[in-house]
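Worksheet: one structure, shown below.
The values are calculated or read from the model by the stated rules, or taken from the named source; none is laboratory data. Bear in mind the structure is a predicted one, so any value in this text is a computation, not a measurement. Cβ placement follows ideal geometry from the backbone for every residue including glycine, while neighbour counts extend to all protein chains displayed. When the accessible area is computed, the model is the full protein with side chains, heavy atoms only, and any ligands, DNA or RNA have been set aside. Shrake-Rupley method; radii C 1.70, N 1.55, O 1.52, S 1.80 Å.
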Amino acid sequence: MTLNYRHLYYFWLVTKEGGFTRAAERLDMAVQTISAQVRELEKSFGHQLLKPAGRGVVLTEAGQAAFARAEEIFQIGQRMVDDVRAAATAPVQRLAVGLVDGISKLAAHALLAPVLAEPQLRLICHEGEQDQLLAELALHHLDLVLAGQAAPANPNLRLSSERLLSSPVQWYGPAHLVGRREVAGFPRCLGDLPVLLPTAHSPLRLRLAQWFDAHGLVPQVVGEFEDSALLALFAARGLGVFPVSAAGAADLAATPGLKWLGDAPEVFEEVHAIRTRRGLHHPLVKQVIAAARG
């Protein structure tokens, strides 16, 4: 059956008003007209929805089920009206960004910071594997993907990449651990401290491994994290020391309890912007990239 929403509305209003007469007065319609419309609804359902009760009507069991759904439908309808009105008066600026697993979320926040103050911004962030996010980008479900490496060559996807960030790495940790660096010095102290690192599939992890080898260090890895913000939170709670790009370190002020441990200027974290041709013209994407270039 095809539901007639006008008939459903009359039934809903009769129920809300407690009878046909009051509903007719509210709608400025004849009682007979409304009654006929409700009967048509009952015919389409094949069940009686209302039954007489004194001077009014009450719901049958079938009517109760129908009324419950009608309530949902017309509440959603009212919200739709409000949403459309809001959208018409204050257009939303939507930016959908994919964050590849392993990328520093602190660095990503720093790159997106130039658009966060835009009025009526609706920022949507998705995390996932690079192949999955690039497929979403190709389907225009995303406007931009931030990744730790450039997009692989694939003529079918028609994607373009640009390196937005190449930031040297710094090390931070809780005060009681950072104080111990004075004994061994940096970076030698990393051989004696509990260390938190990005997970193995992060491009930064490979660069750090090469850096450890160059300094003859064997770190005591006590935790691995995909999310750099979560990593910083565990470090602030005393779990260990950790690396972060200088660009991302600016956000560590929001995580009290952390102190600078040392710099690793030979190690860089990279963030690449990947977009489609349509993304080339997205005003917020253009703003993010222009700010990074500057």
- request: In Å and from the alpha-carbon atoms only, list the Rg and Dmax of the range 235-294.
  value: 16.1, 45
task: Hey, can you find the accessible area per residue of the range 217-294 for me, probe 1.4 Å, expressed in square angstrom?
output: 48 Å²
query: Classify the range 102-143: rounded, prolate or oblate, from the alpha-carbon gyration tensor (a ≥ b ≥ c, eigenvalue square roots; a/c under 1.5 rounded; otherwise prolate if a/b is larger than b/c)?
result: oblate
Gyration tensor verdict on the range 167-268 (Cα atoms; rounded if a/c is under 1.5, prolate if a/b is larger than b/c, oblate otherwise): rounded
- prompt: Under a 1.4 angstrom probe, counting protein chains only, how are Cys189, Cys125 ranked by accessible area, largest first?
  reply: Cys125, Cys189
Of all accessible heavy-atom area on the range 1-83, the percent that carbon and sulfur account for (1.4 Å): 50 percent
Residue order for Leu106, Leu159, Leu230 - accessible surface, 1.4 angstrom probe, largest first: Leu230, Leu159, Leu106
field: Label-zone membership for the range 227-271, site His215, 7 angstrom Cα→C-beta point, backbone N under 13 Å
entry: 241-244, 261-268
task: Would you mind putting 4-13, 45-54, 213-222, 20-29 in packing order, based on average other-beta-carbon counts within 10 Å, highest first?
output: 4-13, 20-29, 45-54, 213-222
- line: Of every Cα-Cα pair in the chain, the percentage lying beyond 35 Å is 47 percent
query: For the range 1-117, what does the equivalent ellipsoid look like in terms of its semi-axes, each the square root of 5 times an eigenvalue of the Cα gyration tensor, given largest first in whole Å?
result: 48, 17, 12
message: Sorting check: for 198-206, 74-82, 234-242, 95-103, which peptide has the highest mean count of neighbouring beta carbons within 10 Å, and how do the rest follow?
response: 95-103, 234-242, 198-206, 74-82
task: Using label points projected 7 Å from each Cα along Cα→Cβ, tell me how many nm separate His176 and Arg278, to one decimal.
output: 5.3 nm
statement: The extension gain from Ser166 to Val31, computed as 0.36 nm times the residue separation minus the Cα-Cα distance, is 41.2 nm
statement: Carbon/sulfur accessible area of the range 144-294, % of total, 1.4 Å probe, equals 54 percent
query: Kirkwood-based Rg over Rh for the range 123-211 (C-alpha set), two decimals?
result: 1.12
query: In nm, to one decimal, how far is the Phe234 label point from the Ala88 one, both placed 7 Å along Cα→Cβ?
result: 5.1 nm
- prompt: In deg cm²/dmol, rounded to 500, what helix-only [θ] at 222 nm does the chain give when every DSSP H run of at least 4 residues adds -39500 (n - 2.57) and the total is split over its residues?
  reply: -13000 deg cm²/dmol
field: Charged-residue dipole, Cβ positions (Lys, Arg, Asp, Glu), the chain about Cα centre, Debye nearest 20
entry: 780 debye
task: Can you list which of the trypsin sites (Lys or Arg not before Pro) found in the range 92-192 are DSSP loop residues with at most 16 other C-beta atoms within 10 Å?
output: Arg158, Arg180
- request: Enumerate by residue number the trypsin sites (Lys or Arg not before Pro) in the range 35-77 meeting two conditions: DSSP loop (anything except H, G, I, E, B), and at most 11 other Cβ atoms within 10 Å of the site's Cβ.
  value: Arg55
